[in-house]
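Working notes, beginning with the structure itself.
Throughout, read-outs are computed from the coordinates displayed, never taken from laboratory work. Keep in mind that this is a model prediction, so the values were computed, not measured. Ideal geometry is used to build each Cβ from the backbone, glycine not excepted, and the neighbour counts take in all protein chains shown.
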Amino acid sequence: MNLSRQAPLHHPLAHLFAGAVDSLGAALAPESTRLYRGTARNFLIYLGADHPEIVALNQLRRDPHILGWMAKLRSRVPPLAPVT
């Protein structure tokens, strides 16, 4: 999947996550930066679908937001990777 061709993500936190990835990307290979962008996008899509009330970073909690996203990733069919 080519993430650069996806429609822009409309989430209140998208600009904050993009800025964080841009900061990290200065020290990373382009492919690593692309993967970080994809991961951030995936998390924000999850937040928008399962926790639409989250519109600020201070509202994020480990449980249920991060752990819920990780559980959703773990339950994907097919899995993101065949082995880990």
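With Cα atoms defining each centre, region 54-70 and region 1-52 are spaced 16 Å apart in the structure. Between the residues LEU13, SER23, LEU47, the greatest Cα displacement towards the positive end of the dipole of region 9-84, with unit charges on the Cβ of Lys, Arg, Asp and Glu, is found for LEU47. Considering only alpha-carbon pairs that sit under 8 angstrom and 6 or more positions apart, the relative contact order computed for the chain is 28 percent.
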